[in-house]
Every structure is written in structure tokens, then in C-alpha cells.
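Asker: Before I ask anything, here is the structure I am working with.
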Amino acid sequence: MKVALVTGASSGIGESTALELHKAGYTVYAAARRVQRMEGLAAQGIRVLAMDVTNDESMVEGVKKIIAETGRIDVLVNNAGYGSYGAVEDVPLDEAKYQFEVNVFGLARLVQLVAPHMREQRSGRIVNVSSIGGRIYEPLGAWYHSTKFAVEGLSDSLRLELKPFGIDVVVIQPGGIKTEWGGIAVENMQKTSGGGAYKEQVRQLSGLFSQAERGSEPKVIADVIVKAAQARRPRTRYAAGFGARPILFARRVLSDRAFDAMFLGALRRFA
Ligand SMILES: NC(=O)c1ccc[n+]([C@@H]2O[C@H](COP(=O)([O-])OP(=O)(O)OC[C@H]3O[C@@H](n4cnc5c(N)ncnc54)[C@H](OP(=O)(O)O)[C@@H]3O)[C@@H](O)[C@H]2O)c1
């Protein structure tokens with residue numbers, strides 16, 4: 001029996017991933033802060049862990065419990081994350097640091113806790129949920145994009161470090177997905193920058209994010225994560241969901257200035 005740990009499993013992509021891994025036959029541990037939101041998963045036989053990825057003790061205890069109960073861990077899906085939006089000028093640095101705590105350091109700490117067990121098994125797969133935002137950029141999204149660019153770089157280094165031990169590292173780059181993410185990001189940017197010099201940009205980006213609400217279902221990403229977990233030779237990156245491939249293609253072929261112009265044009269169109 002293969003064992004998987006999925007963070008951010010109380011909602012959206014993480015919840016769907018826990019379900020799909022369970023259906024694929026894994027013993028799944030679903031982790032998040034809002035344990036009551038995972039009752040539906042528990043009812044289906046998924047094991048639920050109270051875990052805050054900014055709280056070291058909760059991560060240490062969670063991994064200890066998995067090892068005590070199953071003796072192994074085969075797949076770690078680092079998915080917990082949120083979008084801290086607002087102008088760089090306005091976002092308090094404590095909030096910027098918290099954004100890194102959740103999206104980067106929480107992920108890295110779980111790698112530290114899980115990798116020794118995977119090394120001992122001489123197998124394992126770490127799936128890090130980045131974003132197309134790990135390759136592109138938006139105004140008012142500087143801290144979110146910084147964290148996802150960091151996840152991209154960290155994952156590449158980690159892939160090389162863990163290769164000799166039979167452990168693979170895969171990056172997932174979702175496009176627009178219908179989850180709680182967009183509402184939280186809009187709320188953050190409106191609270192932080194909605195009333196000042198950047199209010200017009202906030203209005204425009206909020207308009208664009210409302211379009212993103214027409215995005216793909218979380219299952220689209222969950223299915224890709226299951227594929228990444230099971231493939232004998234996984235790709236290093238999987239881009240999926242609304243707009244992901246065309247947007248990444250545009251980023252690859254356009255100059256910075258041309259991409260700027262394309263993005264600002266889209267902002268004006270959706271405002
Ligand atoms: N939705 C999109 O369009 C999109 C696009 C690209 C990338 N992504 C990425 O996909 C991942 C999942 O997001 P989602 O779209 O599924 O959003 P979501 O519905 O808001 O779910 C986010 C999950 O992260 C958890 N989380 C947040 N802060 C946490 C913390 N401190 N400790 C533990 N868990 C925490 C939440 O659980 P609790 O609050 O219960 O802890 C929740 O389960 C994120 O990394 C996000 O950046 C999303």
C-alpha cells in the first residue's frame with residue numbers, strides 16, 4: 001500500500017487531489033488547518049491531519065503519525081498556499097514574510113521531514129504545486145509570484161539533490177482553477193491597496209480574477225497530480241487548467257515588454 005500526504009486538503013485542488021489519490025488506491029493523509037472542512041474526506045476513509053504549514057510542531061507531529069501508522073511515505077503533495085495580493089508599496093513586510101512561510105518555507109520544511117524516510121525506502125515522489133504564476137507576473141502580485149518563482153527554483157535544485165536516492169520532484173503549474181484562491185486574493189488586494197494610489201489597478205485585476213472564476217475544475221489538476229505521482233518517468237513540470245499552456249507559451253516567446261503589453265491589454269479588456 002502506497003502512502004500519500006496532501007497539504008491544503010480542506011479545499012480546492014488539495015481536497016480533489018486527496019480524493020483522486022484515494023480512488024487510485026493510496027492510503028491518503030489529508031492535512032490542513034480547518035479539520036472540520038475535511039469531514040467529507042474522512043467519511044470516505046481518508047485520514048485527516050490538523051496541520052498548519054507555518055507551525056513546525058504540527059508538521060513534525062503529522063509526519064511522525066504517518067510513519068508510526070504506516071511505516072512509510074511515498075508521495076508528498078505540497079499544495080497548501082494562498083495569494084497575498086496588493087502593491088509592493090502597501091503590503092506590510094510581515095505579511096510578505098507570512099506569504100513565504102506558507103508557500104515556500106512550509107513546503108521546504110515538509111521536504112526536510114519526509115525526505116529521510118523516502119531516502120531510507122530509496123523511493124518517493126515530491127509533487128510541488130507551483131502555478132503559471134511561477135513563470136509569469138502581474139501587477140499587485142509581487143509577493144505571490146516571488147513565492148511561486150521560489151518554488152520553481154527550489155524544486156529544480158531539489159530534483160538534482162534527491163535523484164541519487166531514487167526520489168523524483170515534480171512541479172505542477174495550474175492555470176485558472178475554480179477554488180477559494182481567487183476570492184482570497186481579491187479580498188487581500190482590496191483590503192491592502194483598494195483605497196489608495198493603486199485602486200484603479202485593483203479594480204482591473206479584480207475584474208480579471210472574476211473571469212478566472214470561469215476556470216477549470218480542481219479535478220483537472222488533481223488528475224495531473226495523480227499522473228505525476230504514478231508515472232514511471234514523470235515530466236519535471238506539468239502545466240494544466242484554464243489558460244495555462246497558451247499563457248506559458250506567450251511568456252516563452254514574447255519579450256518582457258511584449259508580455260507586459262499583452263497583460264496590460266488583457267487587464268483593460270476584463271476591467
Ligand atoms: N486556484 C487557482 O487558480 C490556482 C492557480 C495556480 C496555482 N494555485 C495553487 O494551488 C494551491 C492550492 O490552492 P487552491 O486553488 O486549491 O486554493 P484554496 O481552495 O484556497 O485552497 C488552499 C488550501 O491551502 C490551505 N492553506 C492555506 N494556508 C495554510 C496554512 N498556513 N497551513 C496549512 N494549509 C494552509 C487551505 O487550508 P486551511 O485554510 O484549512 O489550512 C486550503 O486547503 C495553492 O498553492 C495555489 O497557490 C491555484
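The values are calculated or read from the model by the stated rules, or taken from the named source; none is laboratory data. The structure displayed is predicted, hence computed values, not measured ones. Every residue, glycine among them, receives a Cβ derived from its backbone with ideal geometry; neighbour counts consider all protein chains shown.
Asker: Taking the condition of being among the aromatic types (F, W, Y) and either more than 9 Å from the ligand (Cβ to nearest atom) or out of contact with any Gly (no Cβ under 7 Å at 6 or more places or on another chain) (or both), how many residues in the stretch 169-199 meet it?
Answerer: Result for the stretch 169-199: 1.
Asker: A follow-up question, please. Out of all the residues in the stretch 98-106, is one or more away from the ligand (no atom under 16 Å from the Cβ) and either within 25 Å of A240 (Cα to Cα) or in contact with a helix residue (DSSP H, G or I) (Cβ under 9 Å, 6 or more places away or on another chain) (or both)?
Answerer: No, that holds for no residue.
Asker: Can you pull out every residue in the stretch 1-60 that is among the hydrophobic types (A, V, I, L, M, F, W, C), more than 8 Å from the ligand (Cβ to nearest atom), modelled with pLDDT of 95 or more and part of a loop (DSSP other than H, G, I, E, B)?
Answerer: A24, I46 - these are the residues of the stretch 1-60 that are among the hydrophobic types (A, V, I, L, M, F, W, C), more than 8 Å from the ligand (Cβ to nearest atom), modelled with pLDDT of 95 or more and part of a loop (DSSP other than H, G, I, E, B).
Asker: Being within 13 Å of the ligand (Cβ to nearest atom) and in a loop (DSSP other than H, G, I, E, B) is the requirement here; does A80 meet it? Steps first, answer last, please.
Answerer: Numbers: within 13 Å of the ligand (Cβ to nearest atom): yes; in a loop (DSSP other than H, G, I, E, B): yes.
Taking the combined requirement at face value, the residue satisfies it.
Asker: Looking only at the stretch 213-264, filter to residues that are free of Cβ contacts under 8 Å to residues at least 60 places away in the same chain and polar (S, T, N, Q); which one of those is farthest from L140 (Cα to Cα)?
Answerer: The extreme case among them is S216.
Asker: I need every pair where a residue in the stretch 29-55 that is closer than 16 Å to S16 by Cβ has its Cβ under 7 Å from the Cβ of a residue that is surrounded by fewer than 15 Cβ atoms within 10 Å (Cβ to Cβ) and of a type in the set (D, E, K, R), sequence separation at least 6 or different chains.
Answerer: From residues that are closer than 16 Å to S16 by Cβ, there are no pairs.
Asker: Being of a type in the set (S, T, N, Q) and surrounded by 16 or more Cβ atoms within 10 Å (Cβ to Cβ) is true for just one of Q201, Q230. Which residue is that?
Answerer: The conditions single out Q201.
Asker: Sticking with this structure for a sec: Say whether the condition of being of a type in the set (G, A, S), more than 14 Å from the ligand (Cβ to nearest atom) and either assigned to a loop (DSSP other than H, G, I, E, B) or buried (at least 16 other Cβ atoms within 10 Å of the Cβ) (or both) is met by at least one residue in the stretch 235-255.
Answerer: Yes, the stretch 235-255 contains a residue that is of a type in the set (G, A, S), more than 14 Å from the ligand (Cβ to nearest atom) and either assigned to a loop (DSSP other than H, G, I, E, B) or buried (at least 16 other Cβ atoms within 10 Å of the Cβ) (or both).
Asker: Can you find, within the stretch 83-97, the residue that is farthest from the ligand (Cβ to nearest atom) among those that are in a helix (DSSP H, G or I) and of a type in the set (A, V, I, L, M, F, W, C)?
Answerer: At the first step, the residues of the stretch 83-97 found to be in a helix (DSSP H, G or I) are 93-97.
Keeping just the survivors that are of a type in the set (A, V, I, L, M, F, W, C) gives 93, 96.
Details: L93: 18, A96: 15 Å.
Among those residues, the one meeting the criterion is L93.
Asker: Report, ordered by the first and then the second residue, all pairs with beta carbons closer than 9 Å, sequence separation of six or more or different chains, a first member in the stretch 180-207 that is among the acidic types (D, E), and a second member that is outside any helix (DSSP H, G or I).
Answerer: From the stretch 180-207, the pairs are E180/S11; E180/Y82; E187/Y85; E200/A271.
Asker: Ok, one more. On the basis of being more than 8 Å from the ligand (Cβ to nearest atom), of a type outside the set (S, T, Y), within 21 Å of S216 (Cβ to Cβ) and more than 18 Å from the chain's Cα centre (by Cα), does K65 make the cut?
Answerer: No, not satisfied.
Asker: Can you tell me which residues in the stretch 181-214 are over 20 Å from D90 (Cα atoms) and modelled with pLDDT of 95 or more?
Answerer: Hit for the stretch 181-214 is W181, nothing else.
Asker: Can you tell me which residue within the stretch 114-173, out of those that are of a type in the set (D, E, K, R) and part of a helix (DSSP H, G or I), is farthest from Q230 (Cα to Cα)?
Answerer: Top of the filtered list is K148.
Asker: Which one of these is under 14 Å from the mean Cα position of the chain (by Cα) and either within 12 Å of the ligand (Cβ to nearest atom) or of a type in the set (D, E) (or both): G134, G141?
Answerer: Numbers: G141 fails: under 14 Å from the mean Cα position of the chain (by Cα).
The conditions single out G134.
Asker: Of the residues that make up the stretch 79-90, is at least one over 14 Å from the mean Cα position of the chain (by Cα) and either modelled with pLDDT under 95 or aromatic (F, W, Y) (or both)? Show your work before the answer.
Answerer: Filtering the stretch 79-90 for residues over 14 Å from the mean Cα position of the chain (by Cα) gives 85-90.
Within this subset, residues satisfying the condition of being either modelled with pLDDT under 95 or aromatic (F, W, Y) (or both) are 85.
Within the stretch 79-90 (the criterion being over 14 Å from the mean Cα position of the chain (by Cα) and either modelled with pLDDT under 95 or aromatic (F, W, Y) (or both)), the answer is yes, since at least one residue qualifies.
Asker: Kindly establish whether V224 is closer than 19 Å to V6 by Cβ, at pLDDT 95 or above and β-branched (V, I, T).
Answerer: Judged against the criteria, V224 is a match.
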